[in-house]
Ligand code: NAD
Ligand code: IPM
Ligand code: MN
């Protein structure tokens with residue numbers, strides 16, 4: 001059975017890490033005899049906007065909806081297109097229209113990479129951020145009044161629904177239940193955000209009744225960020241609203257040495273629509289074009305995509321391959337963010353060779 005993957009490199013380093021993601025996938029597909037068909041798309045990036053005055057063609061939904069998955073690089077080029085235009089015209093549309101309501105973001109200290117936190121070794125940091133991905137603080141409800149005058153008013157509402165909240169909590173509790181530690185931490189701010197967040201806490205408490213084996217704690221987001229730095233070993237599964245989850249899923253990987261390795265899965269668990277796999281990082285204009293971006297975030301996202309498509313063994317082979325290359329720690333191979341002098345390609349090639357076996 002052929003599985004069809006839509007490939008969208010996007011902007012900046014998205015174009016540099018995507019070939020390495022594909023190189024690993026092609027190697028693993030050959031080794032495990034998996035039939036993947038890649039189809040490349042030139043939209044959902046700022047170059048497309050420059051040519052067409054919009055981020056995507058009007059029929060993007062029709063073009064993509066029957067794929068088995070979407071493999072995305074990164075999007076955003078603020079010098080050309082304001083970020084809220086480019087992101088709301090692409091990635092955030094995918095998440096919402098394809099109902100990818102789970103954003104699953106592993107955070108793991110990998111072998112051979114030095115954490116900026118003192119004395120941390122692999123095994124000490126190994127948790128998931130489960131981020132609500134379609135509503136919350138990322139809402140399109142609000143507006144402006146009296147624009148350009150002294151009476152100017154801007155309002156943006158946070159939208160939390162019981163349906164949207166309970167489904168992400170259920171996913172997070174199921175994940176916690178399946179892991180040895182069976183621990184779930186909820187990110188809240190019910191002291192200051194006094195309507196939505198106490199309600200979020202109530203939904204967590206209600207859901208926990210269905211999971212007697214899962215131990216639950218909660219922290220306000222301010223001290224939670226501090227605890228990510230001071231006690232990353234406390235965490236197993238962290239569930240958070242859209243914005244809190246966004247912040248935590250950059251901070252967590254930063255504690256593991258670089259955001260360049262962090263992957264993400266934007267999942268529509270029902271499979272009604274394609275799920276989307278992309279690194280956590282963005283287009284990195286400061287290093288784009290230099291060939292030094294770490295490709296592991298893209299490659300690991302490809303592994304998450306394979307697992308989602310039912311190829312767990314192949315996914316594990318990709319993870320084992322980059323862990324082996326990191327363990328060897330050849331500076332000529334590794335990218336500068338992990339103390340190497342190599343390039344996106346040297347690291348991508350070394351991983352693909354390992355994958356090939
Ligand atoms: P960013 O993630 O692009 O970069 C932040 C910092 O991390 C930069 O110093 C960058 O060089 C470094 N970095 C990122 N990825 C790296 C990698 N693979 N290897 C080594 N270093 C890496 O975040 P930003 O600068 O806030 O955003 C730049 C653009 O990307 C903006 O347009 C933003 O909206 C967009 N963005 C897109 C996504 C996405 O597509 N999912 C995510 C975040 C930001
Ligand atoms: C991410 C990104 C996006 C988000 C931006 C680019 C809209 O930061 O995927 O983490 O906030 O979700
Ligand atoms: Mn982010």
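The values are calculated or read from the model by the stated rules, or taken from the named source; none is laboratory data. The model shown is predicted, which means the values in this text are computed figures rather than measured ones. Because the Cβ atoms are built from the backbone with ideal geometry, glycine has one as well, and the counts that use them run over all protein chains shown.
The single condition from (1) within 19 Å of the chain's Cα centre (by Cα); (2) assigned to a strand (DSSP E or B) that residue 218 fails is (1). Scanning segment 173-191 for residues that are exposed (fewer than 15 other Cβ atoms within 10 Å of the Cβ) and either within 21 Å of residue 249 (Cβ to Cβ) or touching a strand residue (DSSP E or B) at 6+ places or on another chain (Cβ under 8 Å) (or both) yields a total of 3. For residue 240, the conditions (1) in the same structural domain as residue 171 (by TED's automatic domain parsing); (2) within 15 Å of ligand 1 (Cβ to nearest atom); (3) within 21 Å of residue 181 (Cβ to Cβ); (4) in contact with a strand residue (DSSP E or B) (Cβ under 8 Å, 6 or more places away or on another chain) all hold with the exception of (2).
The set of residues in segment 317-331 being under 18 Å from residue 109 (Cα atoms) and loosely packed, with under 14 Cβ neighbours inside 10 Å consists of 320, 327, 328. For segment 309-322, check the following and say yes or no: at least one residue is more than 12 Å from the chain's Cα centre (by Cα), under 30 Å from residue 34 (Cα atoms), assigned by TED's automatic domain parsing to the domain that holds residue 73 and within 16 Å of ligand 1 (Cβ to nearest atom). Checking segment 309-322: at least one residue is more than 12 Å from the chain's Cα centre (by Cα), under 30 Å from residue 34 (Cα atoms), assigned by TED's automatic domain parsing to the domain that holds residue 73 and within 16 Å of ligand 1 (Cβ to nearest atom). Does segment 119-133 contain at least one residue that is more than 30 Å from residue 325 (Cβ to Cβ) and in contact with a helix residue (DSSP H, G or I) (Cβ under 8 Å, 6 or more places away or on another chain)? Yes, because at least one residue in segment 119-133 is more than 30 Å from residue 325 (Cβ to Cβ) and in contact with a helix residue (DSSP H, G or I) (Cβ under 8 Å, 6 or more places away or on another chain). For segment 332-352, check the following and say yes or no: at least one residue is closer than 24 Å to residue 6 by Cβ, surrounded by 20 or more Cβ atoms within 10 Å (Cβ to Cβ) and out of contact with any helix residue (DSSP H, G or I) (no Cβ under 6 Å at 6 or more places or on another chain). The answer is no, given that none of the residues of segment 332-352 is closer than 24 Å to residue 6 by Cβ, surrounded by 20 or more Cβ atoms within 10 Å (Cβ to Cβ) and out of contact with any helix residue (DSSP H, G or I) (no Cβ under 6 Å at 6 or more places or on another chain).
Using the structure shown, decide if residue 248 is closer than 22 Å to residue 136 by Cβ, within 14 Å of ligand 3 (Cβ to nearest atom) and either out of contact with any helix residue (DSSP H, G or I) (no Cβ under 8 Å at 6 or more places or on another chain) or not assigned by TED's automatic domain parsing to the domain that holds residue 165 (or both). First the steps, then the outcome.
Values: closer than 22 Å to residue 136 by Cβ: yes; within 14 Å of ligand 3 (Cβ to nearest atom): yes; either out of contact with any helix residue (DSSP H, G or I) (no Cβ under 8 Å at 6 or more places or on another chain) or not assigned by TED's automatic domain parsing to the domain that holds residue 165 (or both): no.
In short, no.
Among the residues of segment 225-238, write down those that are under 20 Å from residue 169 (Cβ atoms) and within 16 Å of ligand 2 (Cβ to nearest atom).
As a first pass, look at segment 225-238 and keep what is under 20 Å from residue 169 (Cβ atoms): 234-238.
Passing the criteria: only 238.
Here residue 254 fulfils each of the conditions (1) more than 16 Å from ligand 1 (Cβ to nearest atom); (2) surrounded by fewer than 19 Cβ atoms within 10 Å (Cβ to Cβ) apart from (1). Whenever a residue of segment 238-267 is within 14 Å of residue 228 (Cα to Cα), its partners that are near ligand 2 (Cβ under 9 Å from one of its atoms) and in a loop (DSSP other than H, G, I, E, B), lying with C-beta atoms within less than 6 angstrom and at least six residues away or across chains, give the pairs 249/280.
Can you work out which of the residues in segment 80-98 that are away from ligand 3 (no atom under 15 Å from the Cβ) and surrounded by 19 or more Cβ atoms within 10 Å (Cβ to Cβ) is nearest to residue 304 (Cα to Cα)?
Taking segment 80-98 and keeping what is away from ligand 3 (no atom under 15 Å from the Cβ), we get 80-82, 85, 89, 93, 96-98.
Adding the requirement that they be surrounded by 19 or more Cβ atoms within 10 Å (Cβ to Cβ) leaves 81, 89, 98.
On the way: 81: 30, 89: 25, 98: 18 Å.
This residue is 98.
Surrounded by fewer than 23 Cβ atoms within 10 Å (Cβ to Cβ) and either at pLDDT below 95 or within 7 Å of ligand 1 (Cβ to nearest atom) (or both), is that true of residue 279? It would help to see each step written out before you state the result.
On the way: surrounded by fewer than 23 Cβ atoms within 10 Å (Cβ to Cβ): no; either at pLDDT below 95 or within 7 Å of ligand 1 (Cβ to nearest atom) (or both): yes.
In short, no.
Being touching a residue at least 24 places away in the same chain (Cβ under 8 Å), within 14 Å of residue 260 (Cα to Cα) and within 17 Å of the chain's Cα centre (by Cα) narrows it down to one residue among 292, 299; which is it? Checking each option against the conditions leaves just 299.
List the strands (runs of 3 or more DSSP E) inside segment 64-166, counting only whole elements, that have at least 3 residues being within 16 Å of ligand 2 (Cβ to nearest atom).
Details: elements: 69-74, 102-108, 126-132, 142-145, 153-156.
The qualifying strands (runs of 3 or more DSSP E) are 69-74, 102-108, 126-132.
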